[in-house]
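Structure record follows, encoded as structure tokens.
The values are calculated or read from the model by the stated rules, or taken from the named source; none is laboratory data. The structure displayed is predicted, hence computed values, not measured ones. For neighbour counting, all protein chains shown are included, and Cβ atoms are generated from backbone atoms with ideal geometry for every residue, glycine included. Surface areas here come from the heavy atoms of the whole protein model, side chains and all, with no ligands, DNA or RNA. Shrake-Rupley method; radii C 1.70, N 1.55, O 1.52, S 1.80 Å.
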Amino acid sequence: QLVESGGGLVQAGGSLRLSCAASGRTFSTMGWFRQAPGKEREFVAAIRWSGGTTYYAEFVKGRFTISRDNAKNTMYLQMNSLKPEDTAVYYCAGDSRTVIAGPYGFWGQGTLVTVSS
């Protein structure tokens with residue numbers, strides 16, 4: 001089970017940190033995706049649980065940071081310098097295989113991030 005938290009309303013230029021708590025199983029790779037209104041879901045970032053190698057979509061490089069806490073079995077997405085176009089429902093995902101942009105077998109319910117201008 002994957003449970004996201006940390007979404008909310010923030011002004012442009014602000015920051016938010018999303019969390020994704022995993023329970024019941026461990027994953028080789030975990031990732032963040034987002035889906036804006038009227039748009040398809042897109043890859044944001046991913047992390048390999050062993051070793052911590054990270055991967056980012058070009059549009060978040062330098063602004064977002066993905067990380068994990070092994071002891072808590074939790075993944076994070078620190079989002080800085082947020083823009084109105086970052087407004088979306090953010091989903092975390094996990095898989096036992098080494099996948100980056102997908103496909104992932106397990107998904108959270110999503111958390112809404114709204115960035116006001």
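Only residues in region 43-58 that are under 16 Å from ALA71 (Cα atoms) count as the first member; pair them with residues that are open to solvent by less than 10 Å² (accessible area, probe 1.4 Å) and outside any helix (DSSP H, G or I), Cβ under 6 angstrom, at least 6 apart or cross-chain, and list the lot.
Between residues of region 43-58 that are under 16 Å from ALA71 (Cα atoms) and residues that are open to solvent by less than 10 Å² (accessible area, probe 1.4 Å) and outside any helix (DSSP H, G or I), the close pairs are ILE47/MET30; ILE47/ILE66; ARG48/THR29.
If you check VAL115 against the conditions, is it modelled with pLDDT under 95 and crowded, with 17+ Cβ neighbours inside 10 Å? Spell out how you get there, then give the answer.
Working: modelled with pLDDT under 95: no; crowded, with 17+ Cβ neighbours inside 10 Å: yes.
When the stated conditions are applied, VAL115 does not pass them.
Within region 15-63, take every residue that is among the aliphatic types (A, V, I, L, M) and closer than 17 Å to SER81 by Cα and give me the one that is surrounded by the fewest Cβ atoms within 10 Å (Cβ to Cβ).
Within region 15-63, the first condition is being among the aliphatic types (A, V, I, L, M), and the residues that meet it are 16, 18, 21-22, 30, 36, 44-47, 57, 60.
Of the ones still in play, those that are also closer than 17 Å to SER81 by Cα are 16, 18, 44-45, 57, 60.
Values: LEU16: 21, LEU18: 25, VAL44: 25, ALA45: 24, ALA57: 16, VAL60: 20.
Filtering region 15-63 for residues that are among the aliphatic types (A, V, I, L, M) and closer than 17 Å to SER81 by Cα, the one surrounded by the fewest Cβ atoms within 10 Å (Cβ to Cβ) comes out as ALA57.
Among the residues of region 64-85, write down those that are crowded, with 17+ Cβ neighbours inside 10 Å, closer than 14 Å to ARG17 by Cα and in contact (Cβ under 8 Å) with a residue 40 or more places away in the chain.
THR74, MET75, TYR76, LEU77, MET79, LEU82
Looking only at region 22-29, decide whether some residue is in contact with a Cys (Cβ under 9 Å, 6 or more places away or on another chain) and under 16 Å from GLY6 (Cα atoms).
yes
Name the residues in region 66-96 that are among the charged types (D, E, K, R) and either part of a loop (DSSP other than H, G, I, E, B) or in contact with a His (Cβ under 6 Å, 6 or more places away or on another chain) (or both), would you? Walk me through how you get there before you give the answer.
Step one: filter region 66-96 for residues among the charged types (D, E, K, R), giving 68-69, 72, 83, 85-86, 95.
Within region 66-96, LYS72, LYS83 qualify.
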